[in-house]
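The structure appears right after this line, and notes come after that.
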Amino acid sequence: MTNYDVIVIGSGPGGYVSAIRCAQLGLKTAIVEGRDTLGGTCLNVGCIPSKALLHASHSYHEATHNFDKMGLIINNPKIDFDKMQNYKNDVISQNTKGIEFLLKKNKIDWLKGWAKIVNKNQVTVGENTHDTKNIIIASGSEPSTIPNVKIDENRIVSSTGALSLSKIPKSMIVIGAGVIGLEMGSIYSRLGTDVTVIEYMDHITPGMDLEISKNFQRTLKKQGLKFIMGAAVKSAKSTKTKANVIYKKADAEIKIDAEIVLVSTGRKPFTNGLNFLEIGGELTERGQIKTNNKWQTSVEGIYAIGDAIAGPMLAHKAEDEGMAVAEVIAGKHGHVNYDVIPGVIYTTPEVANVGKTEEELKDAGIDYKVGKFSFMGNGRAKAVFQGEGFVKLLADATTDRILGCHLIGPAAGDLIHEICVAMEFGASAQDIAMTCHAHPTFSEAMREAALACGDGAIHA
Ligand SMILES: Cc1cc2nc3c(=O)[nH]c(=O)nc-3n(C[C@H](O)[C@H](O)[C@H](O)COP(=O)(O)OP(=O)(O)OC[C@H]3O[C@@H](n4cnc5c(N)ncnc54)[C@H](O)[C@@H]3O)c2cc1C
């Protein structure tokens, strides 16, 4: 058996990125993956397939709603859902094979099967035991549910089932108005499904800047999604033709049904079968692997990253930790700035954020100023029928240093990175305002919001 410097468990964005960085830093590295394909949740049943279906359903929406306005006459666009699924599967396959290529290129061994940690220097995969100096756990997460709601991936589905339905349902109930539920709800709503979202809180996307969240909900409502807010789901049951959901709102118990129920009430760390607790590893109360600020677990030589530990369950957060932990193991100074991790919702319009929300600044007693700019004042946005939405930049009232940015609008998921870079450099709103932005681009709205933090936006 090869004696490895590092064995990485799990090939999601945390694991495979970490393995590549380990190899680049000269460490003899293996990666263990139990699925048939590499890439973890993100590439197989998460970020990538959902974005493929968002793209396909958005394109259909454009064809049915906006093509005509531009003089593009395509009579009666139709959906071939099997073909759409094939397209999605092809996108997954291209991406997972791409990771296989990258592992080979970096001379990383792929140990196929489920890993069990024997001790801090040994991992078994099937019949074989492999020796290693270090172990990185990147075992990811799995969908979680709520009491009396059992996911059967047939009528009551998780996001995994929702990505691979055999046909477009006539109706869908989405339990939970978080990122995944709203992205999946948007996909099916655009394809013609009657989508009802049930949420426990009185606003969608908990944790998001409230003004953006309210604006986002209004936009989704206009697009046809229905919302039942402040309602607690008590149970969901499958029948042969539909699924029934009982929820409690105020004091009333109400029963509704739909062809499909999507449970999107969050995800929980996946640590089954690792043998981690048995060898002295510790979990938090929420089932996350406990780590210190160098991603070291309570067992020396064993590290953990990504969805399996605390923090936002995001692919890029897992990737950053993957690179940083490799550097720590190689004796360098791995670092992740948790204050500058962007969040994006890939609906149309997109929603993006980084840094503090207005509510957080108020709570912390920080004196701030707000620069806002509507995409209505952005010529490019209007040309692509996306004048709705706005940019909101938050800066320190005294120093002008950027503290956060929240936006809803075209390409928001790309635009946010200008602010991420600015925040990493400790930039002020004026720094953005003084930077020349090409015309006509959506990015001009970012500059205008920065100008609004000072003497005023030009096109407001
Ligand atoms: C529908 C959906 C959409 C999403 N969209 C986005 C998005 O747009 N942007 C974003 O940033 N995030 C998104 N996410 C979240 C993102 O997928 C996760 O944050 C990310 O995949 C976490 O990466 P990870 O490496 O920690 O774990 P994972 O990607 O979960 O990978 C863990 C891997 O470890 C393997 N594994 C576990 N235990 C073992 C073992 N004992 N032996 C061998 N292998 C093992 C698993 O099989 C799995 O392949 C989405 C998630 C879902 C479900």
Here the residues of the range 30-55 lying in the modelled label zone of Val384, meaning backbone nitrogen under 20 Å from a point 7 Å along Cα-to-Cβ, are 48, 50-55
Sorted largest first, the C-alpha extents of the range 12-81 along its principal axes in whole angstrom are 58, 24, 12
In whole Hz, the Karplus estimates of ³J(HN,Hα) for the range 390-399 (6.51, -1.76, 1.60; θ = phi - 60°; x where Gly or Pro) are 7, 10, 10, 10, 10, 10, 4, 4, 8, 8
Over all directions, the chain yields a Cα convex hull whose mean projected area in nm² is 24.4
Beyond 31 Å (Cα-Cα) in this structure, taken from Lys332/Lys362; Lys249/Lys372; Lys242/Lys268; Lys221/Lys268; Lys255/Lys317; Lys78/Lys382, we find Lys332/Lys362; Lys249/Lys372; Lys255/Lys317
Residue-ordered couplings for the range 369-381, obtained by feeding phi - 60° into the Karplus form 6.51 cos²θ - 1.76 cosθ + 1.60 and rounding to whole Hz (Gly and Pro as x), are 10, 10, x, 10, 8, 8, 5, 4, x, 10, x, 5, 5
To the nearest 20 debye, the range 309-460 has a Cα-centred charge dipole, built from +1 on Lys and Arg Cβ and -1 on Asp and Glu Cβ, of 300
Residue-normalised 222 nm signal for the chain, counting each DSSP H run of n ≥ 4 as -39,500 (n - 2.57), nearest 500 deg cm²/dmol, is -9000 deg cm²/dmol
Under the Karplus relation with 6.51, -1.76 and 1.60 and θ = phi - 60°, whole-Hz ³J(HN,Hα) for the range 264-270, x at Gly and Pro, equal 10, 9, x, 10, 10, x, 9
Once amide hydrogens are built 1.01 Å from N within the peptide plane, the residues lying 5 or more places from Val233 or on another chain with amide H under 5 Å from its amide H are Lys248
If every Lys and Arg gets +1 and every Asp and Glu gets -1 at its Cβ, then about the Cα centre the chain yields a dipole, in debye to the nearest 20, of 1220
The long-range amide H neighbours of Asp257, using H built 1.01 Å from N in the peptide plane and a cut-off of under 5 Å, are Val245
Dividing the surface of the Cα convex hull of the range 156-265 by four yields a projected area in nm² of 6.5
Here Rg/Rh (Cα, Kirkwood) for the range 341-452 equals 0.95
FRET efficiency (Ile146, Ala460; Cβ distance; R0 45 Å; to 0.05) is 0.55
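Rule-based calculations on the coordinates, nothing more; no lab input. Predicted model only: the values in this text are computed from it and were never measured. All Cβ positions, even for glycine, are placed from backbone atoms using ideal geometry, and neighbour counts span all protein chains on display.
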